[in-house]
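Remarks on the structure that follows.
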Amino acid sequence: MTATYTFDVFSTLDGYGSTTGDWGGYWGKQGPELLAHRLALYSEEQRMVFGATTFRANMRMLAEGSEFDEARDPWVTRLRNLPATVVSNTLEGPFDWPDATVAGGDPVEVVARLKEESAVPLRSHGSLFLNRTLMAAGLVDRVQVTVFPVLTGQSGAAPIFAGAADFDLELLQTRTLDGHIQELVYRPTLHP
């Protein structure tokens, strides 16, 4: 039996993963339900999987004494303390990250092997290019999109599914957090 792999991503309603504007973290829309729910999700035993770009950004953002101290919500601290595999042919450790290892080679082969060998579920927060590649290879079991109630047509950056293959999505779960944030969990199937 293979480990379940979840691609976990934050999004604007118009499909961007970040912004060049001055919205602030979570686009300024987080509330206590979102933060408690995220902590519960990340309190479960699991292994994180990151691509090099997202891992570099997280290391910079979560470094001690960084300018991003407000980014250290309890769930983010928990994320940082989970075992992590960084899929990269360019990064080399050691890292300022408690339990991160680098796995070089073809990302599809690396994650297929992780799915076979891992005794715990796998989760990737962000890592857009990596996860689009893994989705096309049929390795993503769940796509968990947390949609924040904003449109960033002028300042949106990192379109989440730009360049992705076509997929049919089976809705597995939905929840509303803080009265305005939607969490949607889907099972993706490559569209023929």
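The values are calculated or read from the model by the stated rules, or taken from the named source; none is laboratory data. In this text the structure is predicted, and so the values were computed from the model without any measurement. Please note: Cβ atoms are built from the backbone with ideal geometry, for glycine as well, and neighbour counts cover all protein chains shown. Heads up: the accessible areas ignore ligands, DNA and RNA and are worked out on the full protein's heavy atoms, side chains in. Shrake-Rupley method; radii C 1.70, N 1.55, O 1.52, S 1.80 Å.
Annotations
- Test: Val150 is at pLDDT 95 or above and surrounded by 17 or more Cβ atoms within 10 Å (Cβ to Cβ): yes
- Of the residues making up the stretch 1-46, those that are part of a loop (DSSP other than H, G, I, E, B), modelled with pLDDT under 95 and in contact with a helix residue (DSSP H, G or I) (Cβ under 7 Å, 6 or more places away or on another chain) number 1.
- Elements of type strands (runs of 3 or more DSSP E) contained in the stretch 148-192, each with 1 or more residues being free of Cβ contacts under 8 Å to residues at least 40 places away in the same chain: 167-177, 181-190
- Each residue in the stretch 160-182 was checked for being within 17 Å of the chain's Cα centre (by Cα) and open to solvent by less than 60 Å² (accessible area, probe 1.4 Å), and 4 pass.
- Contact map, the stretch 84-104: residues that are closer than 20 Å to Leu130 by Cα paired with residues that are among the hydroxyl-bearing types (Ser, Thr, Tyr) and in a loop (DSSP other than H, G, I, E, B), Cβ distance under 7 Å, separation 6+ or inter-chain. Pairs shown: Val102/Ser88; Gly104/Ser88.
- In the stretch 117-126, residue farthest from Pro32 (Cα to Cα) [restricted to those that are open to solvent by 40 Å² or more (accessible area, probe 1.4 Å) and not in a helix (DSSP H, G or I)]: Ala119
- Residue, farthest from Leu41 (Cα to Cα), within the stretch 105-116, restricted to residues that are touching a residue at least 60 places away in the same chain (Cβ under 8 Å) and open to solvent by 10 Å² or more (accessible area, probe 1.4 Å): Glu116
- Among the residues listed as Leu79, Leu130, the single one being closer than 23 Å to Leu13 by Cα, open to solvent by less than 20 Å² (accessible area, probe 1.4 Å) and outside any loop (DSSP other than H, G, I, E, B): Leu130
- Taking the conditions (1) among the small types (Gly, Ala, Ser); (2) open to solvent by 30 Å² or more (accessible area, probe 1.4 Å); (3) under 17 Å from the mean Cα position of the chain (by Cα) in turn, Ala137 satisfies each one other than (3).
- Residue match in the stretch 90-98 (condition: out of contact with any helix residue (DSSP H, G or I) (no Cβ under 8 Å at 6 or more places or on another chain) and surrounded by 17 or more Cβ atoms within 10 Å (Cβ to Cβ)): no
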